[in-house]
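The values are calculated or read from the model by the stated rules, or taken from the named source; none is laboratory data. From a predicted model like this one, the values you see are computed outputs, not experimental measurements. Don't worry about glycine lacking a Cβ; one is built from the backbone with ideal geometry, like all the others, and counts go over all protein chains shown. Just so you know, the surface numbers come from the protein's heavy atoms only, side chains and all, with ligands and any DNA or RNA stripped out. Shrake-Rupley method; radii C 1.70, N 1.55, O 1.52, S 1.80 Å.
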Amino acid sequence: MTKWHMIIDVEKCEDCNNCFLSCKDEHVENDWQGYSLSQPRHGHRWMNIVRKERGQFPLIDVAYRPTPCMHCDSAPCIRAAKEGAIYKRPDGIVIIDPEKAKGRQDLVKTCPYGAIWWNEERQVPQKCTFCAHLLDEGWKAPRCVQACPTGALRAVFCDEEEMKRMIEQENLKILHPEFRTVPRVHYKNLDRYLRCFVAGTVAVERESIVDCVKGAGVRLGNSSGASCETTTDSFGDFKLDGLEEDSGKYSLEVTHPALGRKTLEVEVRKSVNVGTILFSKAH
């Protein structure tokens, strides 16, 4: 059976908040009978964009991770709700029944992703509905996907075999696999948010003039045999990404055919800029 999935590319998200605003536009002051009551104007973030800054000036980056309801196949909220207060549709979308769930503030804490919000005025828990009311009218995607200018959000309606192929082909990952909720939201380039990097700059000093070194080989390795390598760009900068946080000590080796080799020890806790690695050469 074909079901709905969402694919979110962390690398493409620019934090424009179009997804958040389009969700507000669709749901604030709008009751969608059988799907949801009106979303409060303030407080709720059914598409919640969280941010993470990595590194130190001037070699830093920022990743943005849009986070909606995961529409889990093994949803803790459904198990806790009982009597149909929260249910999964045949197309994979999880819906909080706006009538049966009234008064159930306890359901907010059942979501390990923090995707359920409490509407104090209407006395009902609420969350992303995947704009199911629009999909049932023939729309091809929810409002957030339609409003994304960079293509960071994609709605996919396919069978499980096709989804497995996409997961493997695009190296898609789920958020917090340890929760074992079997989410239907998958992330591309999630390492931009979850992992860290070692970055730096390679330069050479010739008679008090400092120049960038392009094409220097940079290799990072540790005692367990894990390693990665790259070369410096036109500005002498390098970045070795995808490292586990708190993964310990590494040996960083920089080599250049005309300049020789330099080695330093780097301890990886978070993303780190090692600064300028300076070679010297007589003019």
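Nothing charged except the Cβ atoms of Lys and Arg (+1) and of Asp and Glu (-1): what's the magnitude of the dipole of the chain about its Cα centre? Round to the nearest 20 debye.
Dipole of the chain, to the nearest 20 debye: 380 debye.
Projecting label points 7 angstrom from Cα along Cα→Cβ for Arg89 and Leu259 puts them 5.8 nm apart. Along the positive direction of the dipole of the chain (beta-carbon charges: Lys, Arg +1; Asp, Glu -1; about the Cα centre), which of Pro142, Tyr113, Cys69 reaches farthest? Looking along the dipole axis, the top candidate is Tyr113.
One decimal place: the segment Lys12-Glu168 gains 54.2 nm when fully extended, by the rule 0.36 nm per residue minus the C-alpha distance. Relative contact order of the range 206-283, taken over Cα pairs closer than 8 Å and 6 or more residues apart, is 29 percent. With a Förster radius of 51 Å applied to the beta-carbon distance between Gln123 and Glu267, the computed FRET efficiency rounds to 0.50.
Once the C-beta distance of Arg79 and Glu245 is scaled by a Förster radius of 45 Å, the resulting FRET efficiency is 0.90 to the nearest 0.05.
First compute the accessible area of the chain with a 1.4 Å probe, then give the percent of it belonging to carbon and sulfur atoms. Of all accessible area on the chain, carbon and sulfur atoms account for 49 percent.
Along the axis of the charge dipole computed for the range 51-209 (Cβ charges of +1 for Lys and Arg, -1 for Asp and Glu, origin at the Cα centre), the listed residues Met166, Ala132, Gly103 are led at the positive end by Gly103. Could you pull out which residues in the range 77-93 have an amide N less than 15 Å from a spot 7 Å beyond the Cα of Lys109, following the Cα-Cβ vector? Label zone hits: 77, 80-81. Restriction of the chymotrypsin sites (Phe, Trp or Tyr not before Pro) in the range 198-283 to DSSP coil positions whose beta-carbon has at most 16 other beta-carbons within 10 angstrom yields Phe235. Here is how the number arises for the chain: DSSP H runs of 4 or more residues each give -39500 (n - 2.57), the sum is divided by the residue count, and the result at 222 nm is -3500 deg cm²/dmol.
Computed extension length for Thr2-Lys214: 71.3 nm, one decimal, from 0.36 nm per residue of separation with the Cα-Cα distance subtracted. For a straight C-alpha distance cut-off of 16 angstrom, the lysines reachable from Lys262 (same-chain residues fewer than eight places away being disregarded) are Lys214, Lys281. Applying a DSSP loop filter and a limit of 16 other Cβ atoms within 10 Å to the chymotrypsin sites (Phe, Trp or Tyr not before Pro) in the range 70-173 leaves Trp139.
Mean sequence separation of contacting Cα pairs (under 8 Å, at least six apart), scaled by the length of the chain, corresponds to a relative contact order of 21 percent.
So if a site counts as exposed when it's one of the trypsin sites (Lys or Arg not before Pro), its DSSP state isn't H, G, I, E or B, and it has at most 11 other Cβ atoms within 10 Å, what's the longest stretch of the chain without one?
Details: sites that count: Arg41, Lys82, Lys140, Arg180, Arg269.
Result, exposed sites excluded: 181-268.
With all protein chains kept in place, the per residue accessible area of the range 217-283 amounts to 59 square angstrom at a probe of 1.4 angstrom. In whole Å, how far is the Cα centre of the range 47-74 from that of the range 81-157? Centre-to-centre distance over Cα atoms comes out at 20 Å. For GluC sites (Glu not before Pro), the sites in the range 205-283 that DSSP calls loop and that have at most 15 other Cβ atoms within 10 Å are Glu207, Glu244, Glu245.
Probing with 1.4 Å while keeping every protein chain in the model, the per residue accessible area of the range 7-58 equals 54 Å².
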